[in-house]
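A.B. asks: Okay, here's the structure, questions in a sec.
The values are calculated or read from the model by the stated rules, or taken from the named source; none is laboratory data. Just so we're clear, the structure is a prediction, and the values are computed from it rather than from any experiment. Cβ atoms come from the backbone with ideal geometry, glycine included; neighbour counts cover every protein chain shown. Ligands, DNA and RNA are stripped out before the accessible areas are found, and what is left, the full protein with its side chains, is counted by its heavy atoms. Shrake-Rupley method; radii C 1.70, N 1.55, O 1.52, S 1.80 Å.
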Amino acid sequence: ARELGLVINTSDPYSVAVGEFYREARRLTDAQVLRVELPRRAELTLEEFEALQERIKAFFGPEIQALALAWVEPFAVGCNSITGALALGYDAALCSRSCEPSRPSRYFNSATARPHSDLQLRPSMLLAAKDVAMAEAMIRRGVASDHTLGLRGAPDVHAHYLITKDKARSVRAPLFPAPGRIAGFGVEVHVEQAEVLEGAERLLLYETGKVRVDKLDTLQWVPGGLADHLTSFGGRLDGKYGQMSALEWIASGATGSYGTVSEPCSHPQKFPHPQIVLLHYVQGATLIEAYWKSVAWPQQGLFIGEPLAAPFPLR
């Protein structure tokens, strides 16, 4: 927690309430909290983004390795996600060719636990939910998850990977891990050809490819659970293009999620790698580390959740 910076938008009552709740929950110091004024809309202009970026660079010292952004909007800068732009720099050219490969992340599948010190980038994550109460519940789940899994004698948790009939959105299927129990970690991996998962218990991870995912209200998550659905606009938290947003995962009880804010086309590199995210998570990475390290091209991808959730002990 001492290496995390928190940014609060004082123009947004949600941001103020959630930011203060998070500051207390993770016991952040005043030196770790930056307060700014941002417009309350989906996208920042380039000028607004650059001003925010300069404030962040000027305020946080070299010890701050990652950022929690306490708001739902803004979530984009043009065709870039705000989390991608803050870490990798804004890419204006991408907006005329959003279906092409985007800027690679030096953080992808890396071993470092100090991305700012070693790679000169700060991964960030939105503390985003449908309302303040849901955000506070998400934060409580993150805090409650710390070092609770992978313990001797504990019941297993489950990671579900679904291959749907939507071939374009199931492009990650060849990357799914082999089904079976991961010895020593207490994780059972399930790979299924199915349109929906229903009634799953002790759910740690759920990855699928669908425009909209049904039966979310039947899932029983463990604290620290993460999930995402590969589709074009899962990161549009305003639901502008009619696809399910990543906020629905948080509402169902997940602690983290991911989605793209502009048309990525079906490049699997623009979405979490199914094996890499699980690999880093079970070895003790925090949620922000595991999720960020699993996306090779995150420029259009929005990360949401409680960044410090760490269900597994560090190995």
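A.B. asks: With the requirement that a residue be in contact with a helix residue (DSSP H, G or I) (Cβ under 6 Å, 6 or more places away or on another chain) and open to solvent by less than 20 Å² (accessible area, probe 1.4 Å), what does the range 273-290 give you?
C.D. replies: Answer for the range 273-290, where residues must be in contact with a helix residue (DSSP H, G or I) (Cβ under 6 Å, 6 or more places away or on another chain) and open to solvent by less than 20 Å² (accessible area, probe 1.4 Å): P274, V277, Y281, A290.
A.B. asks: Any idea which of (1) within 26 Å of K57 (Cα to Cα); (2) of a type in the set (A, V, I, L, M, F, W, C); (3) surrounded by 15 or more Cβ atoms within 10 Å (Cβ to Cβ) is the one A129 doesn't satisfy?
C.D. replies: With (1) within 26 Å of K57 (Cα to Cα); (2) of a type in the set (A, V, I, L, M, F, W, C); (3) surrounded by 15 or more Cβ atoms within 10 Å (Cβ to Cβ) applied to A129, the lone miss is (1).
A.B. asks: Assuming A137 fulfils every condition listed in (1) within 30 Å of A194 (Cα to Cα); (2) of a type outside the set (F, W, Y); (3) not in a helix (DSSP H, G or I) apart from one, which condition is it?
C.D. replies: Single failed check for A137: (3).
A.B. asks: Also: Tally the residues that are buried (at least 24 other Cβ atoms within 10 Å of the Cβ), of a type outside the set (A, V, I, L, M) and part of a loop (DSSP other than H, G, I, E, B), restricting the search to the range 295-315.
C.D. replies: Adding up the residues that qualify gives 7.
A.B. asks: Answer yes if at least one residue in the range 181-188 is of a type in the set (D, E, K, R) and within 16 Å of V222 (Cα to Cα), and no otherwise.
C.D. replies: Scanning the range 181-188 turns up at least one residue that is of a type in the set (D, E, K, R) and within 16 Å of V222 (Cα to Cα).
A.B. asks: Continuing with this model, one more query. Being open to solvent by less than 20 Å² (accessible area, probe 1.4 Å) and over 18 Å from the mean Cα position of the chain (by Cα) is the filter; apply it to the range 187-215 and report the residue that is nearest to Q243 (Cα to Cα).
C.D. replies: L197
A.B. asks: Moving on. Listed residues G184, G150; which is modelled with pLDDT under 95 and under 22 Å from the mean Cα position of the chain (by Cα)?
C.D. replies: Numbers: G184 fails: under 22 Å from the mean Cα position of the chain (by Cα).
Just one listed residue meets the conditions, G150.
A.B. asks: Would you be able to say whether some residue in the range 102-113 is assigned to a loop (DSSP other than H, G, I, E, B), in contact with an Asp or Glu (Cβ under 9 Å, 6 or more places away or on another chain) and farther than 18 Å from W292 by Cβ?
C.D. replies: no
A.B. asks: Within the range 109-126, how many residues turn out to be touching a residue at least 24 places away in the same chain (Cβ under 8 Å) and open to solvent by less than 70 Å² (accessible area, probe 1.4 Å)?
C.D. replies: Matching residues across the range 109-126 total 11.
A.B. asks: Going through the range 260-315 one residue at a time, which ones are among the hydroxyl-bearing types (S, T, Y) and within 24 Å of L6 (Cα to Cα)?
C.D. replies: Hits for the range 260-315 are T260, Y281, T286, Y291, S294.
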